[in-house]
Amino acid sequence: MKEIVLVGFGGHAKSVIDSIEGMKTYKIAGYVDCADVPDYKGYTRIGSDADLEKLYAHGIRDAVLTIGFMGRSKRRNQLYEYMKKIGYRFPVIVDRSAIIASDAVIQEGTYIGKRAVVNADAKIGRMCIINTGAIIEHECVVGDFSHVAVGANLCGQCVVGENTFIGAGATVIQQRQIGNEAIVGAGCTIKRNIGNQCVCKGTDDALTSVQMEES
Ligand code: JB3
């Protein structure tokens, strides 16, 4: 099996580890982290970010960015660009319990979590997190580096931009569009289009009830 290195070793990494182990495609060589974090399941720290070039030179070609994204960090983007320059590949990691339509397109470095669904003709960009139980319905488009959190639902033909966070249990009704760097709070119901960098806190039961602010 090919060796793979995890970048960031917190709670999200534990979810991803179980999915990687289930794929039986990669051998986890260890992790790099910027803090002194506890090992887990026998996986140990093999360096920090400054060691990524050396690890590549020693033969590790594949990596997973296991730092989560909750809607405001660019760290994943920075590390991706840096590691791509070194030459790292970012394979798609799909949990064995996820359901992926035969014609769905999922780009590099994206993680599809337990019991997530990516339905027909959906397109998921690079480095996304489609987390546990999230539903991406037919013909949806999710932009690079976006995170559809636990149990969130994108109904058919929704479009989500880049670096956008759709919170746990949120629902976006069919054909709605959400811009880049937007944040939809947990449990929100979105019934209208949402612009770039908007933050939605309320539940959009009536069109005016969405507490939106241009951040
Ligand atoms: O929503 C769910 C189900 N899970 C969340 C997940 C998607 O995102 C979870 O609740 C958290 O909000 C978050 O999980 P994550 O990223 O595992 O959070 P945390 O437990 O804080 O772990 C982040 C790890 O990344 C820590 O060990 C940090 O030290 C490390 N880290 C942060 N910045 C970094 C860097 N590691 C490296 N190598 N480089 C960095 O720049």
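Values quoted throughout were computed directly from the atomic coordinates according to the rules given, and no laboratory measurement underlies them. Source: prediction; values computed, not measured. Cβ coordinates were reconstructed from backbone atoms using ideal geometry, including for glycine residues, and neighbour counts include every protein chain displayed.
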(Q) Taking the Cα centroid of the stretch 88-157 and of the stretch 1-51, what is the distance between the two, rounded to the nearest whole Å? (A) 21 Å
Q. What distance in nm separates the simple spin-label points at residue 41 and residue 192, each placed 7 Å from Cα in the Cβ direction?
A. 4.5 nm
Q.
Apply the Karplus curve 6.51 cos²θ - 1.76 cosθ + 1.60, θ = phi - 60°, to the phi angles in the stretch 66-72 and return the couplings in whole Hz, x for Gly and Pro.
A. 9, 7, x, 9, 10, x, 9
Q) Under a 5 Å amide H to amide H cut-off, with H placed in plane at 1.01 Å, what residues pair with residue 196 once short-range neighbours are removed? A) 179, 180
**Q.** For residue 100, residues with placed amide H under 5 Å, excluding near neighbours
**A.** 118
Q. Each residue of the stretch 49-63 in order: what ³J(HN,Hα) in whole Hz does its phi give by Karplus 6.51 cos²θ - 1.76 cosθ + 1.60, θ = phi - 60°, with x for Gly and Pro?
A. 4, 5, 9, 5, 5, 5, 4, 5, 4, 7, x, 7, 10, 10, 8
Q) How big is D for the chain, in µm² s⁻¹ as a whole number, if Stokes-Einstein is applied with the Kirkwood radius of its Cα pairs at 25 °C and 0.890 mPa s? A) 141 µm²/s
(Q) Below 8 Å between Cα atoms, with a sequence gap of 6+, how large is the relative contact order for the stretch 93-211 in percent? (A) 14 percent
Q.
Give me Rg/Rg_expected for the stretch 1-108, where Rg uses Cα atoms only and Rg_expected = 2.2 N^0.38 Å with N residues.
A. 1.05
Q. Rounded to the nearest 500, what is the chain's calculated 222 nm mean residue ellipticity when only DSSP H runs of at least 4 contribute -39500 (n - 2.57) each, over all residues?
A. -4500 deg cm²/dmol
**Q.** Between 0 and 90°, nearest 10: helix 11-23 axis offset from the chain longest Cα axis
**A.** 70 degrees
Q.
Please report the net charge: other residues with Cβ closer than 11 Å to the Cβ of residue 154, K and R +1, D and E -1.
A. -1
Q | Theoretical gain in end-to-end length, residue 18 to residue 81 [0.36 nm per residue, Cα-Cα removed] | A | 20.1 nm
Q. Stretch residue 150-residue 180 to full length: gain in nm at 0.36 nm per residue minus the Cα-Cα span?
A. 8.8 nm
**Q.** residue 187 long-range amide H proximity, modeled H, under 5 Å
**A.** 168, 169, 170
Q.
Please compute the Kirkwood hydrodynamic radius over the stretch 64-106, one decimal place, Å, based on all pairs of different Cα atoms.
A. 12.6 Å
Q. What span do the alpha-carbon atoms of the stretch 93-211 cover on each of the three principal axes, reported in whole Å from largest to smallest?
A. 40, 20, 20
Q) HN-Hα J couplings of the stretch 166-183 from phi, Karplus 6.51/-1.76/1.60, θ = phi - 60°, integer Hz, Gly and Pro as x? A) 10, x, 3, x, 6, 10, 10, 6, 4, 6, 7, 10, 10, x, 7, 6, 8, 10
